[in-house]
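Data first, discussion second: the structure below is written as structure tokens.
The values are calculated or read from the model by the stated rules, or taken from the named source; none is laboratory data. What you see is a predicted model, and the numbers here were worked out from it, not measured in a lab. All Cβ positions, even for glycine, are placed from backbone atoms using ideal geometry, and neighbour counts span all protein chains on display.
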Amino acid sequence: MAAASPPEGWLSVGHLRRPHGLRGEIFVQLTTDRVERAAPGSRFWAQGGDLTMRSSRRSGAGRLIAAFDEIADRTAAERMVNVELFAEPLDDPDAMWAHDVIGTRVVDQHGVERGEVVSLVENPAADLLELDDGSLVPSNFVVVVDLDRGVTDVDVPDGLFE
């Protein structure tokens, strides 16, 4: 029986969109700028099952067209329209990942602890850090994330927490 949710710790990296042609290819909308996600052999989880990217290419409009080992034909691709894709976090010690901020304590420029980050909320202007008390802090106010101390330092305008 297939798992109902992605493996523990896997991240949302995009969506499968509409089929392309008759051989099971499908448009993929990645929400990451990491090009290695589109490499042959990349592993994903979607709608209760594992997917392995067989090949991918950019279309004329700059979109990604992908073939997966587990999607054999157009009918199978049609069952996957608008399905969210998940993948393991990439191991890159030089990168700061959004999911690393979750669980850190937010401290403002005056040294006042404002709460713990419980989630990230996508927003067109800037992603928002959602704190355990419901407060939202735009990510562009983040100054430093110190994972060793478990602290996210922010420099916010007066009145943000009022």
Given the conditions (1) in a loop (DSSP other than H, G, I, E, B); (2) without any contact (Cβ under 8 Å) to a residue 40 or more places away in the chain; (3) touching a Gly at 6+ places or on another chain (Cβ under 9 Å); (4) within 20 Å of SER12 (Cα to Cα), every one holds for ASP133 apart from (4)
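Going by the conditions given, is ALA67 surrounded by 17 or more Cβ atoms within 10 Å (Cβ to Cβ) and either assigned to a loop (DSSP other than H, G, I, E, B) or in the same structural domain as HIS15 (by TED's automatic domain parsing) (or both)? Reasoning before the result, please.
Working: surrounded by 17 or more Cβ atoms within 10 Å (Cβ to Cβ): yes; either assigned to a loop (DSSP other than H, G, I, E, B) or in the same structural domain as HIS15 (by TED's automatic domain parsing) (or both): yes.
Judged against the criteria, ALA67 is a match.
Determine whether THR75 is polar (S, T, N, Q), assigned to a strand (DSSP E or B) and more than 30 Å from VAL144 (Cβ to Cβ). Reasoning before the result, please.
Values: polar (S, T, N, Q): yes; assigned to a strand (DSSP E or B): no; more than 30 Å from VAL144 (Cβ to Cβ): yes.
No, not satisfied.
Please work out which residue is modelled with the lowest pLDDT, limiting yourself to region 122-134 and to residues that are surrounded by 13 or more Cβ atoms within 10 Å (Cβ to Cβ) and farther than 14 Å from ASP100 by Cβ.
Let us first name the residues in region 122-134 that are surrounded by 13 or more Cβ atoms within 10 Å (Cβ to Cβ), namely 126-132.
With the extra rule that they be farther than 14 Å from ASP100 by Cβ, the set shrinks to 126, 128, 130-132.
Details: ALA126: 83, LEU128: 90, GLU130: 94, LEU131: 96, ASP132: 96.
Out of the qualifying residues, it is ALA126.
Which of the residues belonging to region 75-94 are without any contact (Cβ under 8 Å) to a residue 40 or more places away in the chain and in contact with a Gly (Cβ under 9 Å, 6 or more places away or on another chain)?
Step one: list which residues in region 75-94 are without any contact (Cβ under 8 Å) to a residue 40 or more places away in the chain, which gives 75, 79, 91-94.
Once the filter is applied, which keeps residues that are without any contact (Cβ under 8 Å) to a residue 40 or more places away in the chain and in contact with a Gly (Cβ under 9 Å, 6 or more places away or on another chain), region 75-94 yields only THR75.
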Working only within region 1-27, note down all residues that are modelled with pLDDT of 90 or more and surrounded by fewer than 11 Cβ atoms within 10 Å (Cβ to Cβ).
LEU22
So which pairs qualify, if the first residue must be in region 104-121 and assigned to a loop (DSSP other than H, G, I, E, B), the second must be surrounded by 17 or more Cβ atoms within 10 Å (Cβ to Cβ) and among the hydroxyl-bearing types (Ser, Thr, Tyr), the Cβ gap must be under 6 Å, and the two must be at least 6 apart or on different chains?
THR104/THR152
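For the condition closer than 28 Å to PRO124 by Cα, outside the structural domain of GLU122 (by TED's automatic domain parsing) and charged (D, E, K, R), what is the one hit in ARG34, ARG74, ARG43, ARG54?
On the way: ARG74 fails: closer than 28 Å to PRO124 by Cα; ARG43 fails: closer than 28 Å to PRO124 by Cα; ARG54 fails: closer than 28 Å to PRO124 by Cα.
Being closer than 28 Å to PRO124 by Cα, outside the structural domain of GLU122 (by TED's automatic domain parsing) and charged (D, E, K, R) holds for just one of ARG34, ARG74, ARG43, ARG54, which is ARG34.
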Counting only residues in region 140-162 that are under 13 Å from GLY111 (Cα atoms) and of a type in the set (D, E, K, R), the one surrounded by the most Cβ atoms within 10 Å (Cβ to Cβ) is identified as ASP153
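Conditions (1) in a helix (DSSP H, G or I); (2) more than 24 Å from ALA98 (Cα to Cα); (3) acidic (Asp, Glu); (4) without any contact (Cβ under 8 Å) to a residue 24 or more places away in the chain, marked per residue:
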{"site": "ARG18", "(1), (2), (3), (4)": "no, yes, no, no"}
{"site": "ARG23", "(1), (2), (3), (4)": "no, yes, no, no"}
{"site": "PHE27", "(1), (2), (3), (4)": "no, yes, no, no"}
{"site": "THR32", "(1), (2), (3), (4)": "no, no, no, yes"}
{"site": "ARG37", "(1), (2), (3), (4)": "yes, no, no, no"}
{"site": "PRO40", "(1), (2), (3), (4)": "no, yes, no, yes"}
{"site": "PHE44", "(1), (2), (3), (4)": "no, no, no, no"}
{"site": "SER55", "(1), (2), (3), (4)": "no, yes, no, yes"}
{"site": "GLY60", "(1), (2), (3), (4)": "no, yes, no, yes"}
I'd like to check something: does region 89-101 contain any residue that is part of a strand (DSSP E or B) and β-branched (Val, Ile, Thr)?
no
What's the number of the only condition in (1) more than 21 Å from HIS20 (Cβ to Cβ); (2) exposed (fewer than 12 other Cβ atoms within 10 Å of the Cβ) that ASN82 fails to meet?
(1)
